[in-house]
1. Would you please state which residues of the range 131-172 a label at residue 179 would reach in this model, taking the label point 7 Å out along Cα→Cβ and a backbone N cut-off of under 17 Å?
2. Given a Förster radius of 41 Å and the C-beta distance between residue 209 and residue 103 as r, what FRET efficiency does 1/(1 + (r/R0)^6) yield to the nearest 0.05?
3. In a solvent-free Debye calculation with one equal scatterer on each Cα, what is log10 I(q)/I(0) for the range 90-271 at q = 0.15, 0.20 Å⁻¹, listed in the order of the q values?
4. Compute the length gained on full extension between residue 129 and residue 21: take 0.36 nm times their separation in residues and subtract their Cα-Cα distance, giving the result in nm to one decimal.
5. In percent, how large is the relative contact order of the range 2-83, given Cα pairs closer than 8 Å and 6 or more residues apart?
6. Defining a contact as two alpha carbons under 8 Å apart and six or more residues distant in sequence, what relative contact order in percent does the chain show?
7. Mind running the shape call on the chain? Use the C-alpha gyration tensor, a ≥ b ≥ c as the square roots of the eigenvalues: rounded below 1.5 for a/c, prolate if a/b tops b/c, oblate otherwise.
8. How high is the FRET efficiency from residue 33 to residue 309, r the C-beta distance, R0 45 Å, rounded to 0.05?
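Nothing in this text is a laboratory measurement; each read-out follows from the coordinates by a stated rule. Treat the numbers as computed from the prediction; the structure is a model and nothing was measured. Positions of Cβ are backbone-derived with ideal geometry, glycine not excepted, and every protein chain shown enters the neighbour counts.
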């Protein structure tokens, strides 16, 4: 059994001689154990339903009890089927989530702040850690641009379907005439690579800048140039970080972000090479409108999957699991049909 074989490796006296390799082995063990646990949950739920069915036939259990056990088993099976869609190497990684205000002025900046709150609340409710990497405040209110790191197993796999433009329609609190307004914010999700993936960058290809951090943080961030920005000259990719108080730590994080972007670009290149037919495919399309949040009509709808809900307040409070699941399951179905 693979788990037992790898656990035997952890007992080797030289196991921690290569810390990065050791951490990777531990991550593999943890992932495999999680799959085994999920299988056990399903096995137990199905077994319980079968036993209750026998009891019901013997007049020792009610039909309602059998139905409840059946629904529980079905939900467990549905959950593992959904999680099985996260089968790409990058799906296991953490994520960098970037939100930028689009058309709509102050309203769009407020919408960006609302989206940030939504994703942070989703992360906290699902045992992920969300850390702010940078923030550029709006001129009057809200946020022009913000980046967060979502740390935890399968964060990228769960969030990758959020790429695209998110559209808000509401009666704006910033409009004195109480008019219904439409605004847009774009969301980009990148995999945050770890030590399992090696990306080599020539230091001569990097251009560094330092600057004072903006946003909350007290006197320190306002008076010291701890924030950093790095430009990768061959690709033109720019990453910045103002998360830490130390310029050195921010440089390390910015470099990790750059490697993540380069890794993602390579993934996109490989996907493009495999695609023979462009139409009808579920791809990451930067700038495509993917979801509308129409607050006065109490409706949030994903235009790719057709999934929608009237629980607008719950969605903005981070309850986006239905949208994430619908995208991943729909993506799998489309891929199967094309094959």
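1. 168-172
2. Details: r = 28 Å, r/R0 = 0.69.
That gives a FRET efficiency of 0.90.
3. The Debye formula, applied to the Cα set alone, gives -0.93, -1.42.
4. 36.5 nm
5. This gives 25 percent for the range 2-83.
6. Relative contact order of the chain: 16 percent.
7. Judged from the Cα gyration tensor, the chain comes out oblate (a/c at least 1.5, b/c at or above a/b).
8. Efficiency at R0 = 45 Å is approximately 0.85.
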